[in-house]
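Reading through the structure tokens given below for one structure.
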Amino acid sequence: MRAESFSETIRERLGGETITFCYQCGTCASSCPVAKRTTDFNPREIIKLCLLDEKDEILDGKSIWLCCSCYNCQERCPQKVEIADVIYAVRNIAIEKGKVPNIYFEFFNAISNDGRIVKVSQFAENKRPQLGLPPLQPTGVDALKKILSTTGFDKFHLKKEEPQ
Amino acid sequence: MMSYAIFLGCTIPARQPNYELSARKSLSKLGVKLVDIANMTCCCPPPVQSIDLKTSLAIASYNICLAEEANLDLLTLCSGCFESLAMANNMLKHDQKLKTKINKILAETGKEFHGTKEVKHFLQVLKDDIGLNQLEQNIVKPLTDLKIAPFYGCHALRPSELLQLDDPERPQILETLIKTLGGTSIEYQNKLKCCGGLLRGVSDDLALDLARDKLINVSNSGADCIATLCPFCFVALDIGQIQIRSKFQEIYDIPVLHYSELLALALGIAPEELAPRTHKIRIDKIINKIL
Amino acid sequence: MEVPDEYNAKLSMRKAVYMNNPPVHPPVYAIDESVCKFHDCEECVKACPTQAIELDQKPEEVTINVGSIVVATGFEEFDSSTIKEYHYNDYPDVITNLELARMVDGFGPTGGVIVRPSNRQPAKKIVFIQCVGSRDRRWKPYCSSICCMISLKHATLIKSAYPEADISVCYIDIRTTGREHEYYYEQAREMGIKFVKGRPTEISRDPKTGKLVVDTEDALLHRLLELEADLVVLAPAMVPSEGTKELAEILGIDIDQDGFYKEYNAKLRPTETKLRGIYICGGTIFPKDAPTTSLQAHSAAVKAAKFLNKGKIIKDQRTAVINQDYCGDCEFCPVTCPYHAITLEDKGEDHFAAKVSDLLCEGCGVCVGTCPQNAIELRHSKPEQMTAQMNGILSLNESAEPLILAICCSECGHTAVDSSGMAMMEYPASVRVMKVPCTGILQIHQFLEAFKAGAQGVMVVGCKSDGCHYEVGSQKAEKKVDLAKTLLNEYGIESERLEMFQFVFIEGDKFAEAAQMMSERLKKLGNLKLMIGP
Ligand code: SF4
Ligand code: SF4
């Protein structure tokens with residue numbers, strides 16, 4: 001069987017389905033607040049590189065991590081490419097391959113330990129009655145752990161950390 | 001009595017009692033009951049979606065299942081929570097295949113997603129469920145003379161196909177709600193552009209650049225303050241001003257208030273009850289104008 | 001009374017009594033009901049030297065008997081204000097190509113001067129934006145095909161009249177496919193018109209100066225640009241003119257996925273519709289340039305003339321007939337007939353019976369396959385003829401291979417068989433071909449008859465679902481085959497013995513392959529055991 005190309009891998013993934021609609025009009029680039037600020041990032045180029053199967057350049061580079069998920073591009077793309085979602089799909093692939101920016105380890109640890117990505121400190125919890133807020137309900141960490149192990153997300157921390 | 005399951009998320013209980021207090025107190029004044037449901041988890045916003053989209057959808061749907069079990073619609077304050085949950089809710093409602101896939105994962109937790117409930121943004125509850133009339137009748141301290149720059153942020157509006165809060169190019173809901181409080185809604189350049197909040201920690205320089213753009217545009221418009229909906233925008237623009245002061249030696253001194261805070265003040269709730277010290281940029285001058 | 005003149009893009013005024021479009025023929029004035037003061041004024045009545053004006057005229061409906069119809073209702077501009085980020089209707093200096101055309105016209109409202117509508121000052125910096133609504137899956141997914149040329153024409157005309165004008169064109173792809181069209185593009189570049197490869201995300205306006213800024217990427221430069229402009233010209237998609245859909249319903253002709261009229265055959269009968277006597281041409285089929293439109297107009301006119309000149313319609317009798325005594329008045333066939341050839345005839349006492357118009361019937365037999373009462377037959381393909389044909393070709397099998405009946409439609413199905421023969425492709429000799437007008441004629445009991453007559457397997461071979469020569473026949477057959485499979489299972493016959501195939505006429509190879517596959521499959525299944533008799 002023919003090996004699946006990088007762009008096909010993306011298209012098969014949740015979020016990546018629409019990538020081949022792109023005809024490189026650049027609407028996304030001019031919509032993107034990040035691209036406006038730095039030449040390190042351009043959504044149109046990311047899509048093009050993916051479509052040309054430039055896997056290493058995409059997965060090893062830092063550009064895919066610069067998207068701020070504002071969905072401006074996706075809203076205006078005339079081909080209905082779900083650009084921000086495509087970028088999630090590519091990030092998901094990068095993470096599976098162990099190419100993880102440090103901050104994502106923090107997110108991961110927080111979510112699997114506390115069920116939240118931002119920890120609520122004991123101090124903040126204690127202060128609630130004083131402020132007139134009801135006590136916080138417990139988080140569903142158990143259910144969450146079950147989900148993580150079903151999808152294999154909990155293996156994430158085993159992946160080797162790439163130097164940034 | 002109108003009831004909703006409230007979804008607090010993480011950032012609000014961790015850092016922004018001002019948001020939670022003002023929202024809870026205003027809603028109770030307006031006759032809305034909020035139910036705190038146990039065992040809610042993360043809404044799985046973009047950073048988690050970046051790690052794995054499927055897992056994120058499953059976790060988000062798990063929260064919706066809890067609301068379905070309680071037979072309540074979910075009310076969200078944070079735009080990030082709104083986006084993640086409303087997106088999951090609508091994706092699963094409209095995509096049978098995806099629903100089956102996610103339900104397979106949820107089965108491990110004994111839950112099943114049915115798609116019977118709505119995920120509502122705080123603003124939708126105010127405008128559509130409570131109604132502008134009802135709101136207006138309860139106002140005791142109208143925000144006359146207050147020029148407010150509405151800021152939607154990104155995730156309340158986009159992707160609009162799934163969120164359906166308002167027209168993504170010409171939204172009006174926040175402006176309307178500001179006017180209902182008696183305030184003046186001010187137009188400014190690039191109103192709908194991102195504040196850079198989600199880039200904090202990934203690329204702080206970029207994040208600050210975007211926040212600075214926003215502040216420049218608002219200050220050119222002559223607004224007295226910014227009304228936000230999202231704790232991340234709040235951080236980007238409030239604490240952001242302190243950071244911009246040290247990095248660019250620029251002082252904007254524009255108070256940033258959540259819409260809920262403006263609402264609470266207009267409803268006559270005492271400022272001391274609203275944890276005003278959460279703000280890094282003091283809001284005294286705004287409070288003084290209202291009182 | 002004066003109101004802004006729509007024809008001149010509201011750049012000038014017109015009176016309540018006006019000529020909509022000066023070059024029209026015959027040159028006749030009209031009165032705008034919405035602004036005329038009628039008997040409170042009567043100035044025009046007094047002024048007209050020939051007393052041609054009657055203010056009390058009422059709209060009337062006129063019935064005209066005609067022998068043929070040519071539909072040439074054209075196209076119109078997509079409403080650019082739909083794309084909110086471009087602020088058409090919102091910023092006065094954002095206009096469309098059609099509006100610009102009035103300014104480019106030396107006899108137009110500005111005398112050929114290109115101005116900013118907001119202040120009537122000459123526009124020095126002009127930006128064109130291509131594909132506004134076209135090639136946009138949110139609105140019109142197709143390429144409107146002529147807008148690149150329109151913008152190139154306007155840009156070059158303006159540049160030659162005002163060489164100092166700074167003109168940029170933002171494009172996704174420039175499409176210049178017609179004769180000499182590429183030379184236009186060449187000329188435009190020579191003249192110094194700038195081309196920016198990028199579809200702008202939005203147009204914004206400086207609230208103080210009123211200057212427009214077009215926010216775009218140049219993908220070739222890998223650079224984001226903010227183009228200042230006095231005037232932005234949008235090149236909107238071309239869409240079917242208002243009322244196209246309603247007219248199609250009235251006439252009974254088809255429209256395509258994009259809302260334009262559908263021709264009978266895009267390659268061979270491009271100005272005909274599925275109804276004889278009704279022709280289409282020009283932009284109503286798809287946006288096109290003037291030469292092609294004129295070519296099509298000629299074609300449609302000649303076709304209509306030829307149709308009328310005969311003075312009569314010659315039609316063979318290969319049509320359906322209904323035995324009205326059997327008709328159960330169920331109304332299935334009038335709905336199913338792709339040509340609207342069947343109507344219900346009032347038989348009195350609340351009783352109706354279906355009747356076929358020989359003129360409209362194309363003889364496909366889709367009605368035959370639909371009628372639950374067996375009240376319909378084709379004159380040229382009666383049920384008993386079909387049964388006899390089937391029995392005849394299945395009566396003998398001298399090979400060891402399983403006997404297969406391939407029921408092929410007379411269009412793609414049978415032609416595919418022919419093409420396999422012409423290409424000398426091989427398929428088992430035990431595959432027997434039976435030709436029917438269209439697979440839509442088939443009834444479920446006929447599949448069972450085939451097995452009874454000795455077939456080990458049955459192939460139904462029709463056109464592609466969306467390419468059926470009789471519109472819906474192949475689709476109907478597909479459904480019936482599905483249903484028959486369920487029935488076969490009930491009878492204890494393996495449903496794999498029956499299969500529907502849909503080919504394009506040239507796919508002889510596919511037919512041969514399918515026949516081979518069926519033969520192999522039947523060999524594996526072994527002999528069919530039919531319990532006939534007591
Ligand atoms: S806007 Fe859409 S079609 Fe255009 S370049 Fe970006 S992804 Fe591709
Ligand atoms: S979602 Fe990402 S790529 Fe798209 S505009 Fe926002 S930052 Fe740019």
Exercise for the section: Treat each spin label as a single point 7 Å out from the Cα along the C-beta direction, and report the C:Leu221 to A:Lys80 distance in nm. Expected result: 3.3
Problem - B:Leu262, B:Leu34, C:Leu530, ranked by accessible area, largest first (probe 1.4 Å) - result: C:Leu530, B:Leu34, B:Leu262
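Viscosity 1.306 mPa s, temperature 10 °C: Stokes-Einstein D of the range C:169-314 from its Kirkwood Cα radius, in µm² per second?
Details: Rh = 19.1 Å.
Here the translational diffusion coefficient equals 83 µm²/s.
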Practice task
Could you please state, rounded to a whole Å, how far the C-alpha centre of the range C:43-70 is from the C-alpha centre of the range C:376-403?
Solution key: 64
Handout entry: Cα-only radius of gyration and Dmax that characterise chain B, units Å
Key = 18.8, 56
Handout entry: Using alpha-carbon coordinates, inclination of helix C:181-190 to the longest axis of chain C, degrees
Key = 30
Fill in the blank from the handout: For B:Lys193, the accessible surface traced by a 1.4 Å probe with all protein chains present amounts, in square angstrom to the nearest 10, to 40
Exercise for the section: Could you work out how far helix B:79-94 tilts from the main Cα principal axis of chain B, as a 0 to 90 degree angle to the nearest 10? Expected result: 30
Exercise for the section: Express in Å², to the nearest 10, the accessible area of C:Ser168 obtained by rolling a 1.4 Å probe over the protein heavy atoms while all chains stay in place. Expected result: 10
Fill in the blank from the handout: The computed P(r) of the protein assembly as shown puts the percent of Cα pairs beyond 58 Å at 30
Completion exercise
Expressed in nanometres to one decimal, the distance between label points 7 Å along Cα→Cβ at A:Gln137 and C:Cys44 is 7.1
Practice task
Under 1.5 on a/c is rounded, so check that first for the range C:383-525, then, if it is not, pick prolate when a/b is larger than b/c and oblate when it is not; a ≥ b ≥ c are the square roots of the alpha carbon gyration tensor eigenvalues.
Solution key: rounded
Fill in the blank from the handout: In Å, the Kirkwood hydrodynamic radius from C-alpha pairs for chain A sits at 18.0
Handout entry: Distance in nm between pseudo-label sites at B:Lys285 and C:Ser357 (7 Å out along the Cβ direction from Cα)
Key = 8.0
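Regarding the range C:1-63, what is the average projected area of its C-alpha convex hull, in nm²?
It is 5.5 nm².
What average count of beta carbons from other chains do you get within 10 Å of the Cβ of residues in B:263-275?
Working: counts 0, 0, 0, 0, 0, 0, 0, 0, 0, 0, 2, 2, 4.
Mean number of neighbouring Cβ atoms from other chains: 1.
Compute the normalised compactness of the range B:41-93: alpha-carbon radius of gyration over 2.2 N^0.38 Å, N being the residue count. Each step should come with its number before you reach the end.
Values: Rg = 10.3 Å, N = 53, 2.2 N^0.38 = 9.9 Å.
That works out to 1.03 for the range B:41-93.
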Fill in the blank from the handout: Carbon plus sulfur, as percent of the 1.4 Å-probe accessible area of the protein assembly as shown, comes to 51
Problem - Rg followed by Dmax, in Å, when the range A:102-155 is reduced to its Cα trace - result: 13.7, 41
Exercise for the section: Over all alpha-carbon pairs of the range B:212-271, lay out the pair-distance distribution in 10 Å bins, whole %, shortest bin first. Expected result: 22, 50, 24, 5
Exercise for the section: Let me know the mean shielding of C:196-206 by other chains, meaning the per-residue number of their Cβ atoms within 10 Å of its Cβ. Expected result: 5
Handout entry: Within the range C:367-393: backbone nitrogen closer than 16 Å to the C:Ile444 label point (7 Å, Cα to C-beta)
Key = C:369-374
Fill in the blank from the handout: Scattering profile of the range C:320-378 from the Debye formula, Cα beads only, expressed as log10 I(q)/I(0) at q = 0.30 Å⁻¹, is -1.40
Problem - Sites B:Arg170 and B:Ile139 - FRET efficiency at Förster radius 22 Å, r taken between beta-carbons, to 0.05 - result: 0.25
Problem - Entries in A:Lys48/A:Lys97; A:Lys127/B:Lys193; C:Lys10/C:Lys46 that, when Cα-Cα distance is taken, lie over 30 Å - result: A:Lys127/B:Lys193
Practice task
Starting from the Kirkwood radius over alpha-carbon pairs of the range C:67-314, derive D by Stokes-Einstein at 37 °C in a medium of 0.692 mPa s and give it in µm² s⁻¹.
Solution key: 167
Problem - For the range B:173-201 versus the range B:217-291, the gap between their alpha-carbon centres in whole angstrom - result: 12
Handout entry: Nearest 10 degrees, 0 to 90: helix C:508-525 Cα axis against chain C principal axis
Key = 40
Practice task
Could you give me the radius of gyration and the Dmax of chain C, taking only the C-alpha atoms into account and expressing both in angstrom?
Solution key: 31.7, 98
Practice task
Quick one: of C:Lys245/C:Lys479; A:Lys119/B:Lys25; B:Lys33/B:Lys191; A:Lys146/B:Lys101; C:Lys355/C:Lys479, which pairs are farther than 22 Å apart, Cα to Cα?
Solution key: C:Lys245/C:Lys479; A:Lys119/B:Lys25; B:Lys33/B:Lys191; C:Lys355/C:Lys479
Practice task
Would you work out if the range B:127-172 is rounded, prolate or oblate? Take a ≥ b ≥ c from the square roots of the eigenvalues of the alpha-carbon gyration tensor; rounded if a/c is under 1.5, else prolate when a/b is larger than b/c, oblate otherwise.
Solution key: oblate
Practice task
Could you tell me the accessible area of A:Glu17 in Å² (1.4 Å probe, neighbours in place), rounded to the nearest ten?
Solution key: 80
Exercise for the section: Decide, for the range B:99-233, between rounded, prolate and oblate: order the square roots of the alpha carbon gyration tensor eigenvalues as a ≥ b ≥ c, take rounded if a/c falls under 1.5, and otherwise choose prolate if a/b is larger than b/c, else oblate. Expected result: oblate
Fill in the blank from the handout: Log entry: pair-distance distribution for the range B:174-291, C-alpha pairs binned every 10 Å from zero, whole % per bin is 13, 46, 32, 8, 0
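Efficiency by 1/(1 + (r/R0)^6): what FRET value for A:Arg2 and A:Lys97, r their Cβ-Cβ distance, R0 = 30 Å, to the nearest 0.05? Write down the numbers at each step before the final one.
Numbers: r = 21 Å, r/R0 = 0.70.
Computed FRET efficiency for A:Arg2 and A:Lys97 comes out at 0.90.
Report, as a whole number in µm² per second, the diffusion coefficient that Stokes-Einstein gives for the range A:6-96 at 4 °C and 1.567 mPa s using the Kirkwood radius over alpha carbon pairs.
On the way: Rh = 12.6 Å.
Here the translational diffusion coefficient equals 103 µm²/s.
The values are calculated or read from the model by the stated rules, or taken from the named source; none is laboratory data. Keep in mind it's a predicted model, so treat the numbers as computed, not measured. Note: ideal-geometry Cβ built from the backbone for every residue, glycine included; neighbour counts use all protein chains shown. Accessible surface areas use protein heavy atoms only, side chains included; no ligands, DNA or RNA. Shrake-Rupley method; radii C 1.70, N 1.55, O 1.52, S 1.80 Å.
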